[in-house]
Every structure is written in C-alpha cells, then in structure tokens.
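Here's the structure we're looking at; comments come further down.
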Amino acid sequence: MELNVGYELIYDLPQPTPMLLVLHIHYTRAADILIPDHIITDPVVPLTAYRDGFGNWCSRIVAPAGRFRIASNAIVRDSGKPDSFDKSAQQHSIEDLPEEAIVFLLASRYCDTEKLSQAAWDLFGNTPPGWARVQAICDYVHNHITFNYGHANPTRTASEAFYERRGVCRDFTHLAVSFCRAMNIPARYCTGYLSDLGTPKPWAVGDFAAWFEAYIGGRWQMFDPRNNTPRLGRVLMARGRDAIDVAITTTFGMNNLASFKVITDEVAKAN
C-alpha cells in the first residue's frame, strides 16, 4: 500500500529564532519514498541539511519573527503488513554486544535507569531473557501507565512516569527503554509516523508516535509499549537515546506553537 504522511507546524515567534528540525523520514526507508518529504517553510528561509550522531537526517534554519509555518507532504510505499517480531530472539551477554549498541545501555536525560534498576530486577528478574523479557516489560508498562494527552509533561523522566503512572507515548517508551537498559538489554528510542489503519474508528487526531528497538537475537527489534499490539503503517523518522535526541523541533528562543497537525493516511486507489 501507499501512505500519505506529512505535518504542518505553525509557530508565533517574537524574534528571529534558530531551530533544529528532525522531521525527515529515516534513511532506512529511502527506497520506499515515492514523493520526497521536502520541508516547506512560509516565509521561505535558507535550510541547511546534516546528519546527526545517530544517522538521522536533520535540518537547521533561522525562523524569522512573526508567524512561521513548517510543513511537508510525502508518499511512502509500505508493506501493508503488521509489525513483525521474533519470539526466539535471545539476549546477548554484555561482552558479545557490538560497540554501537553500548551507548544504548547507559542512562540518558529522560531514561534515568539508575533510579529504576532495583524495580526492574524485582519485576523482571525471573522472566526468560530475550524477546520474552522485553515483551514482559512492554506488557507491564502498557498496563502501568494511563494514557492521556492531558498528562503530557515535556520534562517527565522515566522514573517519574513510573511513580505517577500517567503520560503519553513518549513516557511509555522512556519507561520501557529504562527497564530494558537496567536489565542489560540495549534499547533505543524511536519516533515517526504511525497510522490508525486496522484499528476501530473514530480515530484520534493525528500525531507523531514513539516506540523503541531492543538489541536481541543479533539485531534491533521493534517494540511498542503504548499500543502493545502489531500495527500497520509505521514509518520511522529518527532514533536516539531518548526523546531529547529526536525532538521534531528544537528552538533556541521564546516561541508559541500555535498549530500542530500530523497525517498518516492510506492513499486511496483509483477505480
């Protein structure tokens, strides 16, 4: 199938403001992009592209004072199949991990693993290592946190989500990632588009989604503690240690996000 993915962000800015954007589809999906996700700004400003330390495609701009719009619309080819998983995947010993996975064992800004280590071992120490352990973590987080957009808090850490038992998809992901790292399983934060295809209507207003990947069975495997069930139409945009590495925009100055829209819809077939 083909997916129409895109966004529109409208800011009100009191002064010229440098911004970092992490809004492109991930390079691993480059072969699937039928119409590119070019960033369009209004007013038009110069844009500089770069790759960050995690390989994500990023951009730099200086937004002018006043109302400023950032938008994109793309078409992506997708398999139309639900997320896949491998229940036989085994956990690796630390000494057998590839070097690039080591950083994803460490605590980070929002994944304060050291505060959750004892809880992690108490909760999951008796689970079978490997896929079953990661899935047990997802099952727990899915049931432990109550989802509500009104509970969003941009400074909430994983340990705070654990004790507050509420949050949005990033909080589910931060907590699951922290538990995995505490259990010596490399885990990295992911963000991107996720369609509502295959789920009951009415569908919620569009948004970007968060999930994670755990290094088990010799490769990175996807897990989604927020939804905790295979979904259709997942399009990766960026990976990092936690949400701070993959923030869709980072603004260096005062700003007001006046409007925020995200679309992830199947392209209708012509009769």
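Within the range 194-203, identify whether any single residue is in contact with a Leu (Cβ under 8 Å, 6 or more places away or on another chain) and over 17 Å from Ser72 (Cα atoms), and answer yes or no. So far as the range 194-203 goes, yes, one or more of its residues are in contact with a Leu (Cβ under 8 Å, 6 or more places away or on another chain) and over 17 Å from Ser72 (Cα atoms).
So Ala182 ticks every box in (1) closer than 27 Å to Ile248 by Cβ; (2) among the small types (Gly, Ala, Ser); (3) more than 19 Å from the chain's Cα centre (by Cα) but one. Which box is left unticked? It is condition (1) that Ala182 fails. If you go through the range 184-213 and keep only what is in contact (Cβ under 8 Å) with a residue 12 or more places away in the chain, in a loop (DSSP other than H, G, I, E, B) and of a type in the set (D, E, K, R), you end up with Asp196, Asp207. Residues of the range 149-174 being of a type in the set (Gly, Ala, Ser) and buried (at least 21 other Cβ atoms within 10 Å of the Cβ), which ones? Those that are of a type in the set (Gly, Ala, Ser) and buried (at least 21 other Cβ atoms within 10 Å of the Cβ): Ala158, Ala161, Gly167. The set of residues in the range 66-107 that are of a type in the set (A, V, I, L, M, F, W, C) and either over 20 Å from Glu8 (Cβ atoms) or part of a helix (DSSP H, G or I) (or both) comprises Phe85, Ala89, Ile94, Leu97, Ala101, Ile102, Val103, Phe104, Leu105, Leu106, Ala107.
Given the structure, is Asp245 at pLDDT 95 or above, under 21 Å from Ile70 (Cβ atoms) and either surrounded by 16 or more Cβ atoms within 10 Å (Cβ to Cβ) or among the β-branched types (Val, Ile, Thr) (or both)? The answer is yes for Asp245. Every test in (1) closer than 25 Å to Gly217 by Cβ; (2) of a type outside the set (Asp, Glu); (3) touching a Leu at 6+ places or on another chain (Cβ under 9 Å) is passed by Gln90 save one, and that test is (3). Selection of first residues in the range 142-163 that are within 21 Å of Asn228 (Cβ to Cβ) and of second residues that are part of a loop (DSSP other than H, G, I, E, B) and polar (S, T, N, Q), restricted to Cβ pairs under 7 Å at least 6 apart or on distinct chains, gives the following pairs, ordered by first then second residue: His142/Asn228.
A Cβ distance below 9 Å, combined with a sequence gap of six or more or placement on separate chains, defines the contacts here; from the range 120-134, residues that are at pLDDT 95 or above and surrounded by 19 or more Cβ atoms within 10 Å (Cβ to Cβ) reach residues that are in a loop (DSSP other than H, G, I, E, B) and basic (Lys, Arg) in the pairs Gly130/Lys87; Trp131/Lys87. Run Ser59 past the list (1) without any contact (Cβ under 8 Å) to a residue 24 or more places away in the chain; (2) surrounded by 12 or more Cβ atoms within 10 Å (Cβ to Cβ); (3) not hydrophobic (A, V, I, L, M, F, W, C) and report the number of the one that doesn't hold. If we test Ser59 against (1) without any contact (Cβ under 8 Å) to a residue 24 or more places away in the chain; (2) surrounded by 12 or more Cβ atoms within 10 Å (Cβ to Cβ); (3) not hydrophobic (A, V, I, L, M, F, W, C), just (1) comes out false.
Residue-wise test of (1) touching a helix residue (DSSP H, G or I) at 6+ places or on another chain (Cβ under 7 Å); (2) outside the structural domain of Ser259 (by TED's automatic domain parsing).
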{"site": "Asp42", "(1), (2)": "no, no"}
{"site": "Val45", "(1), (2)": "no, no"}
{"site": "Gly55", "(1), (2)": "yes, no"}
{"site": "Arg60", "(1), (2)": "no, no"}
{"site": "Ala71", "(1), (2)": "no, no"}
{"site": "Glu100", "(1), (2)": "no, yes"}
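The values are calculated or read from the model by the stated rules, or taken from the named source; none is laboratory data. Keep in mind it's a predicted model, so treat the numbers as computed, not measured. In this analysis, Cβ positions are derived from the backbone assuming ideal geometry, glycine residues included, and neighbour counts consider all displayed protein chains.
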